[in-house]
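Read-outs: derived from the displayed coordinates by stated rules, not from any lab. Model, not experiment: these values are computed from the prediction. Please note: Cβ atoms are built from the backbone with ideal geometry, for glycine as well, and neighbour counts cover all protein chains shown.
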Amino acid sequence: MKIKDKVAIITGASSDIGADLSRKFAEEGATVVMLGRNIDTLERARATLKNKDASVSMACDITDNSQTLSVIEQIADKYGAVDILVNNAAKINDAIHFHEMKDADIADLVTTNIIGTFNITKAALPKMLENKGGCIINIGSISSERAIPRVHLAVYSATKAALSMFTKSIAVEYARKNIRCNCLNLGIINAGMIKPYLEDQQARKVLEERQPLNRIGDPRDVSNAAVFLASDEAKWITGTILNIDGGKSASEG
């Protein structure tokens with residue numbers, strides 16, 4: 001087991017990717033704390049884990065700083081440490097032109113994707129410092145590096161670009177404290193809002209043909225990479241942006 005006896009926090013844990021991250025981390029020996037806004041959806045996600053006893057659900061709105069501070073204190077008190085934080089919670093906007101977006105929707109994306117990540121990371125870092133080490137993994141997107149023609153995601157892409165720089169800055173700032181920080185930039189994954197689209201076999205075929213590896217990513221592709229980065233096998237890797245995209249960001253189209 002690659003992360004045996006580690007305490008891992010997964011935000012946005014009721015999502016398809018969050019639930020699979022929780023499953024994989026539990027399989028690899030970690031005690032998994034699944035965070036999300038709704039305890040019922042968290043419990044439904046937790047019920048899909050084979051090793052449910054290795055996990056717990058806790059409600060937390062990461063955009064509320066008082067809630068993040070409180071939940072981190074509870075986790076540290078109960079388990080004695082915070083070893084791993086996976087910042088998976090995020091929102092994405094409908095693919096509409098930037099000038100058509102409502103101010104409230106823009107603020108919501110920025111608050112969740114950036115401020116929320118800041119809040120939970122800031123709360124977890126002191127516990128990692130007390131423990132003389134830790135690992136932070138941010139879940140980003142290749143849209144932070146490239147704009148997609150006819151898919152209008154200016155605000156979402158900007159928040160993910162901010163996450164990439166946050167990753168590098170935290171990695172360097174806390175390197176001498178034995179705290180690593182890396183980011184997984186995802187391509188098209190069969191999860192969330194993309195799943196209904198992929199049910200159309202013709203649409204799926206078109207997307208697959210545009211991928212160098214000729215397939216759509218799976219949440220397990222994300223989880224496998226995350227566990228590697230969280231393990232001692234990656235103990236000399238920090239400040240890295242790893243593309244989990246089937247080669248898409250290396251291609252022309």
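Which shape class, rounded, prolate or oblate, goes with the range 52-91 when its Cα gyration tensor gives a ≥ b ≥ c as root eigenvalues, a/c under 1.5 marks rounded, and past that a/b bigger than b/c marks prolate?
Because a/c hits 1.5 or more and a/b fails to exceed b/c, the range 52-91 counts as oblate.
Which parts of the range 70-108 would a label at Ile194 reach, counting a residue when its backbone N lies under 18 Å from a point 7 Å out along Cα-to-Cβ?
The answer is 88-96.
Order by neighbour count: Tyr79, Tyr156, fewest other Cβ atoms within 10 Å first, most last.
Values: Tyr79 15, Tyr156 22.
Placing the least packed residue first, the sequence is Tyr79, Tyr156.
Which of the aspartates and glutamates could a cross-linker bridge to Lys78, judged by Cα under 20 Å and excluding same-chain residues fewer than eight apart?
Excluding near neighbours in sequence, the set is Asp5, Glu43, Asp53, Asp61, Glu130.
Which parts of the range 138-161 would a label at Val206 reach, counting a residue when its backbone N lies under 14 Å from a point 7 Å out along Cα-to-Cβ?
Correct set: 149-151.
Helix 65-79 versus the longest principal axis of the chain: what angle, 0 to 90°, nearest 10, using Cα atoms?
50
Can you compute the helix-only [θ] at 222 nm over the chain? Use -39500 (n - 2.57) per DSSP H run of at least 4 residues, normalise by all residues, nearest 500 deg cm²/dmol. Before the final figure, lay out the partial values.
Working: 9 runs with 102 residues, N = 253.
Helix-only estimate at 222 nm: -12500 deg cm²/dmol.
Can you tell me how the range 209-253 classifies by the Cα gyration tensor, rounded, prolate or oblate, using a/c under 1.5 as the rounded cut? All intermediate terms of the calculation are to be shown ahead of the outcome.
Values: a/c = 4.15, a/b = 1.86, b/c = 2.23.
Taking the square roots of the gyration eigenvalues as a ≥ b ≥ c, the range 209-253 is oblate.
Using amide H atoms built 1.01 Å from N in the peptide plane, name the residues 5+ places from Leu85, or on other chains, whose amide H lies under 5 Å from its own.
Ile9, Cys135, Ile136, Ile137
Between the range 207-253 and the range 87-153, what is the separation of their alpha carbon centroids in Å?
18
Quickly work out the Leu69-to-Arg44 label distance, labels modelled 7 Å from Cα along the C-beta direction, and quote it in nm with one decimal.
3.3
Please arrange Arg176, Arg215 by how many other C-beta atoms lie within 10 Å of their C-beta, fewest to most.
Fewest-to-most Cβ neighbours within 10 Å comes out as Arg176, Arg215.
If the viscosity is 1.567 mPa s and the temperature 4 °C, what Stokes-Einstein diffusion coefficient in µm²/s follows for the chain when Rh is the Kirkwood radius over Cα pairs?
70
Which semi-axes, in whole Å and largest first, does the equivalent ellipsoid of the range 134-253 have when worked out from the alpha carbon gyration tensor as the square roots of 5 times its eigenvalues?
They are 28, 16, 11 Å, listed largest first.
Taking all pairs of different Cα atoms in the range 25-171, averaging 1/r and flipping that mean, what Kirkwood radius in angstroms comes out?
Values: mean 1/r = 0.0604 Å⁻¹.
About 16.6 Å for the range 25-171.
How far, in degrees from 0 to 90, does helix 219-230 lean away from the longest principal axis of the Cα atoms of the chain, to the nearest 10?
On a 0 to 90 degree scale, this one is about 40.
Evaluate the distance, in nm, between pseudo-label points positioned 7 Å from the Cα of Ser249 and of Lys4 along their respective Cα→Cβ axes.
3.3
Tell me the angle of helix 154-173 to the major Cα principal axis of the chain, expressed in degrees between 0 and 90 and rounded to the nearest ten.
It is inclined by approximately 30 degrees.
Provide the FRET efficiency to the nearest 0.05 for the Glu130-Asp105 pair, computing r from the beta carbons and using R0 = 41 Å.
For Glu130 and Asp105, the calculated efficiency is 0.60.
Once both labels are modelled 7 Å past Cα along the beta-carbon direction, what's the Lys91-Arg150 spacing in nm?
A separation of 2.8 nm, rounded to one decimal place.
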